[in-house]
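*Asks:* If you scroll down you'll find the structure; I have some questions about it.
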Amino acid sequence: MRTIYLNGHFVPETEGKVSVFDRGFLFADAVYEVVSVLYGKLVDFDGHVQRLARSLGEIGIIGAPDADDWLAICRELVARNNLKEGMIYWQVTRGSPEDRDFVFPPADTLPTVLAFTQSRTLADNPLAQRGIRVITMPDLRWGRADIKTTQLLYASLMKNEAIARGADDAWMERNGWITEGSAQNAHIITHAGVLITHPLNREILHGITRASVLPLVAQRIEERPFSVSEAEQAAEAFVSSASGFVMPVVQINGQKIGNGQPGSATVQLRRAYIDWARRTAI
Ligand code: PDD
């Protein structure tokens, strides 16, 4: 059984208790982070701490752990769960007032702070050998995709629909332009050898993996939206995320990308990112 962290205590997962009035549960009034663990060490820790602080700031949740606290919590969770490879989820809600109300609770209401581990094979993920198939769907999320909130219903619906339709995942589009994947940033490499990736604005999550991967890219980079048809005709495509690292995309809307195998630049980039992650994990 896992040990989790909840509101200052390390407890067995079955003993963690949260109020039925918690605003995370009633309003999805919560933000989160996902940090990967390789060899028992945290990948891109600073980036995730900074993005959590930004997400919290954008919606005005105060009183969450600071960077040193998160580091201590994560190291304790890794040790207690003997985690070698996988993820740690950090979840922070606006807390549990004694009643349900759209109005925020008093400022002295403590946030609910949860962290838990998931053991996963990341570096040798067999999906990376085969590459994933995606289909595009309209981006029906709210207008602040840059805040990492727990409003994940649409992402979950899309992923399930993609699987029901024989694909692995979904890419979202707004007016014909790809924004991002269900839980990953989306990138393509053109036949001219240019990597195209959506610019950082409110339409996408500012991926921590994206930020670490781009400096490792050998190709020229253009940060601009790309269209669904540009993606379908790309030489290579991939997604980036804390849990998938660099994951090749080999089919978009039933259209083979390249020869239908993970592209060589993508495979190289995945290797380079994993090497970088191993060197820099703390
Ligand atoms: N997902 N875009 C969306 C919508 C995401 O949910 C994620 C992360 C990303 C990639 O961001 P990063 O590189 O910082 O992980 C982009 C995480 C992994 C998840 O929810 O499981």
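*Asks:* Where residues in the stretch 26-47 are open to solvent by 10 Å² or more (accessible area, probe 1.4 Å) and in contact with a helix residue (DSSP H, G or I) (Cβ under 6 Å, 6 or more places away or on another chain), which of them is nearest to Ile274 (Cα to Cα)?
*Replies:* Asp44
*Asks:* Just one of (1) within 30 Å of Leu122 (Cα to Cα); (2) of a type outside the set (Asp, Glu); (3) open to solvent by less than 30 Å² (accessible area, probe 1.4 Å); (4) in a loop (DSSP other than H, G, I, E, B) trips up Lys84, so point out which.
*Replies:* (3)
*Asks:* If Asp146 meets every condition in (1) open to solvent by less than 10 Å² (accessible area, probe 1.4 Å); (2) under 20 Å from Met247 (Cβ atoms); (3) within 14 Å of the ligand (Cβ to nearest atom) apart from one, which number is that one?
*Replies:* (2)
*Asks:* Can you name the residue in the stretch 103-127 that is in contact (Cβ under 8 Å) with a residue 60 or more places away in the chain and in a loop (DSSP other than H, G, I, E, B) and, of all such residues, is surrounded by the most Cβ atoms within 10 Å (Cβ to Cβ)? Reasoning before the result, please.
*Replies:* The initial filter retains those residues of the stretch 103-127 that are in contact (Cβ under 8 Å) with a residue 60 or more places away in the chain, namely 105, 110, 112-117, 120, 122-123, 125, 127.
Within this subset, residues satisfying the condition of being in a loop (DSSP other than H, G, I, E, B) are 105, 110, 120, 122-123, 125.
Details: Pro105: 17, Leu110: 14, Arg120: 13, Leu122: 20, Ala123: 15, Asn125: 16.
Per the stated criteria, the residue is Leu122.
*Asks:* Within the stretch 134-142, can one find any residue that is of a type in the set (Val, Ile, Thr), open to solvent by less than 10 Å² (accessible area, probe 1.4 Å) and not assigned by TED's automatic domain parsing to the domain that holds Arg23? Give the steps one after another, and end with the answer.
*Replies:* Here is the first cut: in the stretch 134-142, the ones of a type in the set (Val, Ile, Thr) are 134-136.
With open to solvent by less than 10 Å² (accessible area, probe 1.4 Å) added as a condition, the list becomes 134.
Going one step further and asking which of them are not assigned by TED's automatic domain parsing to the domain that holds Arg23, we end up with 134.
Yes, some residue in the stretch 134-142 is of a type in the set (Val, Ile, Thr), open to solvent by less than 10 Å² (accessible area, probe 1.4 Å) and not assigned by TED's automatic domain parsing to the domain that holds Arg23.
*Asks:* Let me ask something else about it. Which of the following residues is surrounded by fewer than 16 Cβ atoms within 10 Å (Cβ to Cβ) and aliphatic (A, V, I, L, M): Ile252, Ile221, Ile257?
*Replies:* Numbers: Ile252 fails: surrounded by fewer than 16 Cβ atoms within 10 Å (Cβ to Cβ); Ile257 fails: surrounded by fewer than 16 Cβ atoms within 10 Å (Cβ to Cβ).
It is Ile221.
*Asks:* Among the numbered criteria (1) more than 14 Å from the ligand (Cβ to nearest atom); (2) open to solvent by 30 Å² or more (accessible area, probe 1.4 Å); (3) closer than 28 Å to Tyr5 by Cα; (4) in contact (Cβ under 8 Å) with a residue 40 or more places away in the chain, which single criterion is violated by Arg130?
*Replies:* For Arg130, the exception is condition (3).
*Asks:* Just give me the residues in the stretch 39-53 being in contact (Cβ under 8 Å) with a residue 60 or more places away in the chain and within 14 Å of the ligand (Cβ to nearest atom), in sequence order. Before you say what the answer is, go through the steps one by one.
*Replies:* At the first step, the residues of the stretch 39-53 found to be in contact (Cβ under 8 Å) with a residue 60 or more places away in the chain are 39, 41-45, 47-48, 51-52.
Result: Leu42, Val43, Asp44, Phe45, Gly47, His48, Arg51, Leu52.
*Asks:* Additional query: Got at least one residue in the stretch 153-164 being in a loop (DSSP other than H, G, I, E, B), in contact with a strand residue (DSSP E or B) (Cβ under 9 Å, 6 or more places away or on another chain), basic (Lys, Arg) and closer than 22 Å to Ala30 by Cβ?
*Replies:* Narrowing the stretch 153-164 to residues in a loop (DSSP other than H, G, I, E, B): none.
No - not one qualifying residue is present in the stretch 153-164.
*Asks:* I'd like to verify a number: residues in the stretch 169-203 that are in a loop (DSSP other than H, G, I, E, B), under 16 Å from Glu232 (Cα atoms) and either within 15 Å of the ligand (Cβ to nearest atom) or among the β-branched types (Val, Ile, Thr) (or both), how many?
*Replies:* Here the count works out to 2.
*Asks:* Among the residues of the stretch 154-172, write down those that are farther than 18 Å from Arg210 by Cβ and either touching a residue at least 40 places away in the same chain (Cβ under 8 Å) or more than 16 Å from the chain's Cα centre (by Cα) (or both).
*Replies:* Residues satisfying the conditions are Leu157, Asn160, Glu161, Ala162, Ile163, Ala164, Arg165, Gly166, Ala167, Asp168.
The values are calculated or read from the model by the stated rules, or taken from the named source; none is laboratory data. Being a predicted model, the structure only gives us computed values, none of them experimental. So basically every Cβ, Gly included, is an ideal-geometry build from the backbone, and we count neighbours across all protein chains shown. Surface accessibility is based on the protein's heavy atoms, side chains included, excluding ligands, DNA and RNA. Shrake-Rupley method; radii C 1.70, N 1.55, O 1.52, S 1.80 Å.
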